[in-house]
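Novice: Okay, here's the structure, questions in a sec.
What follows draws every value from the coordinates through simple rules; no lab data is involved. As the structure is a computational prediction, the values presented were derived from the model and not from experiment. Positions of Cβ are backbone-derived with ideal geometry, glycine not excepted, and every protein chain shown enters the neighbour counts.
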Amino acid sequence: MKLPLYIVLFLFGLAIAQSIHFYPLLPDVVGSHFDVAGKVNGTSSKMGYFIAYFVALAVTSSFTVILPLIFKYVPTSIINLPHREYWLSSDRREESLQFLNGHFSWFGVATMLLMVIIFHLTFLANLSPIKELSAPAPWALLIAYVLFTIWWTVILLRRFPKPS
């Protein structure tokens, strides 16, 4: 499935453009952690913040880019899947891994999208005079991400039911 890969590459490019735009505008010390009310309660250097951003993006993109490449080489014993002995038996392994690759790819897309938007909001917060996150936006994103994760998990569990 190529679409998740293209979306992740687009989001990575968007993050690069976002960084090129915001890096010169931000102060040398930026708010890097915000409390539940959206107020800054932790800071870091601007360079450190951008390094953390790209490390997090690289790790997240592995769900879409690297995981599908290595999944077929991972021993069955370390794949945490309901009823794995049945679903990863030799006659079902290829189809099951193909599903898992696509499924994890979409999880990577959702996580990367969340990160790009959250970091965008933190860049804007650091540029605002009051230096705080707009309260409803991060919570709405978090709720949407949790709902996606629940849906993602239900789809996974329904795809690998107990063998009859």
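Novice: Taking Cα atoms, how many degrees apart are the long axis of helix 3-22 and the longest axis of the chain, rounded to 10 and kept between 0 and 90?
Specialist: Its long axis makes an angle of about 10 degrees.
Novice: Going by amide H atoms built from the backbone, whose H comes under 5 Å of the H on Phe34, apart from near neighbours?
Specialist: Asn41
Novice: Within a 10 angstrom radius of the beta carbon, how do Val55, Val116, Val30 rank from fewest other beta carbons to most?
Specialist: Numbers: Val55 10, Val116 19, Val30 22.
Final ranking by Cβ density, sparse to dense: Val55, Val116, Val30.
Novice: Answer with a single label: of (i) 61, 27, 25; (ii) 50, 47, 26; (iii) 48, 35, 25, which was calculated as Cα extents along the principal axes in Å from the structure in view?
Specialist: (i)
Novice: Would you list, by chain and number, the lysines whose Cα falls below 20 Å from the Cα of Lys2, excluding same-chain residues fewer than 8 positions away?
Specialist: Here the lysines satisfying the reach criterion relative to Lys2 are Lys72.
Novice: Got a sec to turn the phi values of the stretch 55-65 into Karplus ³J(HN,Hα) couplings, 6.51 cos²θ - 1.76 cosθ + 1.60 with θ = phi - 60°, whole Hz, x for Gly and Pro?
Specialist: These are the phi-based 3J(HN,Hα) values: 5, 4, 5, 5, 5, 5, 5, 4, 4, 9, 9 Hz.
Novice: So for the stretch 12-56, considering every pair of alpha-carbon atoms, how many percent are separated by more than 17 Å? Write down the numbers at each step before the final one.
Specialist: On the way: 367 of 990 pairs.
I get 37 percent for the Cα pairs in the stretch 12-56 exceeding 17 Å.
Novice: Now, a different point. What's the exposure ranking of Lys72, Lys46, going from fewest to most Cβ atoms within 10 Å?
Specialist: The most exposed by this proxy come first: Lys72, Lys46.
Novice: Where does the charge balance sit around Ala125 when Lys and Arg score +1, Asp and Glu -1, over other residues with C-beta under 15 Å from its C-beta?
Specialist: Local net charge: +1.
Novice: Same structure, new question: Counting only other residues whose beta carbon sits under 11 Å from that of Tyr86, what net charge do I get with K and R as +1, D and E as -1?
Specialist: +2
Novice: If one takes the longest principal axis of the Cα atoms in the chain, at what angle in degrees, from 0 to 90 and to the nearest 10, does the Cα axis of helix 136-159 lie?
Specialist: Helix 136-159 sits at roughly 10 degrees to that axis.
Novice: Same structure again: Order these by the 10 Å Cβ neighbour count, fewest first: Met115, Met47.
Specialist: Ranked by crowding around the Cβ, least crowded first: Met47, Met115.
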